[in-house]
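The values are calculated or read from the model by the stated rules, or taken from the named source; none is laboratory data. These figures come from a predicted structure and were not determined experimentally. Note that each Cβ is placed from the backbone with ideal geometry, even for glycine, and that neighbours are counted across all protein chains shown.
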Amino acid sequence: MSDDLVLEMRDIRKEFPGVVANDEVSFEVRRGEVHALLGENGAGKSTLMNILYGLYRPDGGEIRLNGKPVSFSSARDAIQAGIGMVHQHFMLIPVMTVAENIVLGIEPHSGLLLDESGAEQRVRELSERFGLAVDPTALISDITVGQEQRVEILKALYRGADLLILDEPTAVLTPQEAGELFEIVRSLQADGKSIIFISHKLNEVLEIADRITVLRRGRTIETVPAQGATEESLARAMVGRDVLLRVEKKPAEAGDVLLAVQDLHVSDDRGIEKVRGISFDVRAGEIVGIAGVDGNGQTELIDAICGLQKIESGTVTIGGRKLTHASARAALDAGIGHIPEDRQRRGLVLEFSIAENIALHDYAKPPDAKWGWLFPARMVQRARTLIREFDVRGGGPYTRAGGLSGGNQQKVVAAREIDRDPSALIAAQPTRGLDVGAIEYLHRRLVAERDEGRAILLVSLELEEIMSLSDRILVIYEGEIVGDHTGDVSEEQIGLEMLGGKERAAA
Amino acid sequence: MSDPGPTPSPEQSAETGTLAARLALKQRAGGIIVPIVTVLFAFVMSFIVLAATQRSFHTALLAFKEIFEGTGLNWIFHPTTNLITSIAAYNLSQTLLETTTLILTGLAVAFAFRCGMFNIGGQGQYLVGLIIANWVGVDFAGLNSFVHILLAISAGTLAAAAWAGIAGVLKATVGAHEVITTIMLNWIAFWFGEWLFGAGGPLQNSTDASNPVSNQVSPGARLPDFWGPQGFQGLHIGIFIALAALVVFWALLNRTTLGYEVRAVGFNPDAAAYGGINVKKNFIRAMAISGAFAGLAGALDMLGGTTNYQFGQLDIPFSQVGFLGIAVALLGRNTAVGTLFGALLFGALLYGTNHGLGSGSVIQPELAGNLTYIIQGLVVLFVGADILILYVWNSRKRLRRKPPAKSTKAAQAPA
C-alpha cells in the first residue's frame, strides 16, 4: 500500500505565537489521486500546504515524498522535488506573454537570447497534452482570470510538478470556468499527476475528489473516500456539530409593499446603462431573490436603491416614501438596511473599532451623539450588546474590525443593519467567502428577519443560496428582469435564464 | 490560516486602501518605538557627519552640547541661579516660540491627513494668516485691546480657512489633487503678500515709500509676553492658544460627529459614503479646518513679536514653518500628543542649531549655518524614511508569520 503513496505527512506540528496552527496533522496522497483538503477558514489548511511547499519550517513531524524523508527550506527545494503550487492570488507579470511567464527563471536560450519560439513551442506542447487551452503569445493583461489560472498550472507543470497543490482554485472562477477547471484536473489525473485540492466548498469537493481529509482547529478529523460521503457528513466534520445546510422556513406571509422599484434605469460610472427598466415590489415578510451572473446590473441596481448611484429615470419607493434622486442619507433615513456585497471595501471601516463600525449609519443621532457631540461610551455599550446577540467572536467593542475573520466581520455588518430596524433589508452576497458555520447563521437570521415582517431583497451569485432562501425569484440578465418565479422552479430553468435564455424560454 | 476565497485578508486590503489607512496600519505596527528610534538615528547620523567633517570626535561632541544649550533646555537643570540661567531662560523662550508655531502648522497637516488628504499648503495658509492679522492689527487701531486681538486672530484664522477651502472645493468638484492645488496656492499667497506690502502696494507702510514693508501692528493688538526680560522678544501667550488648539484638535476628531466623519472618510471614503456621510463636504470642511490651524499660527506670529510683514529681509516669508509642519505631523503620527512632541523637537532644533552653532565658538559660523540645515534635513529625511523602516519591518513580520501573495512571490521567482 505504502509504495503508491506520493506524499506522507506525519504528525506535523506548527505553532505561531498564541496559536497552534497544525497540531499533529497527518495527511497522505496516493499517486494519481485527487485529494481534497477541507476545512473552515483558520483550520490550518494553508499552514499545512505552506509547510509542504517549503515556506514554513514545521516545529515537529515528518514529510516523506515517494517514500523518502525530505526537508525543504524554500519553495525552490519543493519545486525541485516535483511539487507545484497554484496560489489563490496569481503571480504573473501582466506585461509579459503567457509563454514568457511560464518559462520565467528557466528560459530556453539560443545563444545569449531568449529562445522565444522554442518557449512557445514547449508551452504549446504542454497545453495540448493536458487540455489547458491558452494562447502562448497572448499578454497576461489580455486574458481572463480562468486563463491566468491555467497559466499558473502550466508554470508548475513546466517545472516538472508531479504533485500539484491547488489552493481554493474555484474561488476566483465563474461556474463555467470552474467546470472547465474540473476537466483539466481530471486530465492531469489521467496523466498520473497527483492533486491536492484545497477548498471549503462541500459540493465541489464531493464532485472532484477521490478522498477527502477534513481539518478542524489545526487537527486532522478524518480522511474519507468521497464515495459515500455527503455534504451533511462533511459539514459535521468541519464544524464539529450538525449543520443545517437546508434552510428551514415557513411559507411567507407577505404583507404591504415596503420596497418598490418602478421602471428603473441606471448607468455605471463610465456612463454605460447597466439597469434597463427594472420594476419589482418586495413585500413585508417575504424574501425576494435576484439571481444572475455577475456584472448583469446587480451592483448598480442595489446602489441606486440605496442612493449610492445616480438614477437616470424611474422611481424607488421605500416604506411608502418616494426617493428618486435621494442621497444615501435619505435612503437610510427612509428605512433601508443594506448588507453590501463587499464588506471590506464598503461595509466596514477596517481601521475603526467594532463599536465605531456599528455606529456607521447613526453616529450623528441619539444615543450615539447629540448636538454634534459623540458619546463613545454609549457606542461601546450598544456594540457590546450586539456582539453578544450576533455571536461575534474574536474581539470586543474596541477591537479593530480589520482584525476579525471574514465571518465575524459580516456578523458586525449584519448586526448593524438589522439593529437599525429597517423596513427593507438588502442583502448582497451576504455569505460570500464565509465558512459553513457563518453561512448557516446568516441564512437563519435572514429568515428570522423576514418573519419579523421585514421586506428582504437578496442578491447573490450563488444560485443555491437564492433557491433555498427566496420566496420569489427574479432573474436578472443584462440589466433586465428576464424571469419571475414564485412557485416551484427548477435550478436548470433559472440557470438557463441567467445565461440570457429569455428568448429560448419564451420559445 | 487560510483566507476565504474572494475576500482579501485585512492586511492586504489595507495595502490597497487609502494613504491614511495604510499609514495608520504601518504606524500602529511600529508603535511609539519607531518615531523615537527615527529621531535617535537622525542624531547619530548628524553626529557622524559632524565628526567626519571636523575630523574630530571632540568637536562634534562640543557642537552637540552647543546645540543643546542653544535650545535653552539646560534651563531646567538650574532654573534660578546665575547668568547662565537668564541666557538659558531666554533661549528656552525662543525655542517655545518656534514650538508654538510648529504645533499649529503640524496640526494643520495632521487634520487634513486624518481625512485622507495631504495638505502641503500649510506655508501658504500661514502666510494668509500673517497677512490678514497684520492688516487687522494695523487698521482698527483704538479698539479695545482684547477685542482687537480677538478680531485679528479670528480674521487671520478664517481667511486661511477659506484659503485652504479653495483646495477642498477643487478636490470635491473637479477632483483636482490637493497636493498640486495647495502648492499652487502657496505661491499665490506668497506673491499676493509681496504685492500687498511691496513698493506701491495697498498695505505698504505709510512712512517710507522706498521700504517694501508693512506697518507695525498697533501696540494694542499685540499679544502680551508673560515670560522673558523686558525689551526683548519674550514668550507670548500664543503658546497657551497653541496648547488649547491641541485639545481642540483631539476633541474635534474623537468626540464630535464631525471628527467621526473626517476619520471615516480618511480611512475609507467608500464605506463613509455607504454610511451616509457626504464625502465631498468633508473634503472641503476638513481642508478649511486644516487651513484654520495654519492661519492661526500665522496670526499668532504676527501679533506676538514679528509685528510687521517684510519681503526679502525678514525671514518669515522664507521660513519653512509651514513645511516643517509636515515633518512634525508625520513624526507625531497625526495625533495631538505626537504633534506636541514633534513640534517641541523641531522647535528646539530650529532655534538650537541656528543659535547654538551660530556663535561660531566651536566651528566656523559659515559652516555652522550649513550644519544647521544638514541636521534638520537629516531629521526630516529620517522621519520620512520611517515609513520605509516600518515597511521593511512589517514585511519581515509578514514573512515570518504568514506568507501569502507577496512573500511567496519572492520565494517563487528565482525558481
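Here residue A:94 clears all of (1) within 10 Å of chain B (Cβ to nearest Cβ); (2) of a type outside the set (A, V, I, L, M, F, W, C); (3) under 27 Å from the mean Cα position of the chain (by Cα) except the condition numbered (1). Hey, any hits in the range A:354-368 for a residue that's assigned by TED's automatic domain parsing to the domain that holds residue A:449, of a type outside the set (A, V, I, L, M, F, W, C) and farther than 17 Å from residue B:272 by Cα? Within the range A:354-368, one or more residues are assigned by TED's automatic domain parsing to the domain that holds residue A:449, of a type outside the set (A, V, I, L, M, F, W, C) and farther than 17 Å from residue B:272 by Cα. Only residues that are within 14 Å of chain A (Cβ to nearest Cβ), assigned to a helix (DSSP H, G or I) and either small (Gly, Ala, Ser) or in contact with a Gly (Cβ under 8 Å, 6 or more places away or on another chain) (or both) were counted in the range B:251-304, giving 16. If only residues of the range A:325-346 that are at the interface with chain B (Cβ under 7 Å from one of its Cβ atoms) and in contact (Cβ under 8 Å) with a residue 12 or more places away in the chain are counted, the one that is farthest from residue A:456 (Cα to Cα) is A:344. When every residue of the range B:303-324 is checked against the conditions, none turns out to be under 22 Å from residue B:107 (Cβ atoms), modelled with pLDDT of 95 or more and of a type outside the set (A, V, I, L, M, F, W, C). For residue B:157, indicate whether it is of a type outside the set (D, E, K, R), at pLDDT 95 or above, over 21 Å from residue B:266 (Cβ atoms) and buried (at least 17 other Cβ atoms within 10 Å of the Cβ). Answer is yes for this residue. Selection of the range A:24-43 for residues being within 13 Å of chain B (Cβ to nearest Cβ) and either more than 22 Å from the chain's Cα centre (by Cα) or at pLDDT 85 or above (or both) yields A:25, A:37, A:38, A:39. Taking residues in the range B:187-205 that are more than 18 Å from residue B:139 (Cβ to Cβ), and partners anywhere that are assigned to a helix (DSSP H, G or I) and polar (S, T, N, Q), the pairs with Cβ atoms closer than 9 Å and at least 6 places apart or on different chains are B:189/B:123; B:189/B:125; B:190/B:123. One residue stands out among those in the range A:347-360 that are within 10 Å of another protein chain (Cβ to nearest Cβ) and in contact with an Asp or Glu (Cβ under 8 Å, 6 or more places away or on another chain): the one that is farthest from residue A:324 (Cα to Cα), which is A:349.
Is it the case that some residue within the range A:391-400 is under 30 Å from residue A:282 (Cα atoms) and at pLDDT below 90? Within the range A:391-400, one or more residues are under 30 Å from residue A:282 (Cα atoms) and at pLDDT below 90.
State whether the residues of the range A:102-111 include one that is of a type in the set (S, T, N, Q) and either touching a strand residue (DSSP E or B) at 6+ places or on another chain (Cβ under 6 Å) or not in a strand (DSSP E or B) (or both). Looking for residues that are of a type in the set (S, T, N, Q) and either touching a strand residue (DSSP E or B) at 6+ places or on another chain (Cβ under 6 Å) or not in a strand (DSSP E or B) (or both), one finds none in the range A:102-111, hence no.
Take the residues of the range A:207-232 that are modelled with pLDDT under 90 and assigned to a helix (DSSP H, G or I): which is farthest from residue A:184 (Cα to Cα)? Going through the qualifying residues, I end up with A:232. Just one of the numbered conditions (1) at positive phi; (2) within 11 Å of another protein chain (Cβ to nearest Cβ) is not true of residue A:131: (2). On the stretch given as the range A:168-195, residues that are out of contact with any Lys or Arg (no Cβ under 8 Å at 6 or more places or on another chain), within 13 Å of chain B (Cβ to nearest Cβ) and not in a helix (DSSP H, G or I) total 6.
Only a single criterion out of (1) among the aliphatic types (A, V, I, L, M); (2) at pLDDT 90 or above; (3) touching a helix residue (DSSP H, G or I) at 6+ places or on another chain (Cβ under 6 Å); (4) not assigned by TED's automatic domain parsing to the domain that holds residue A:181 is not satisfied by residue A:288, namely (3).
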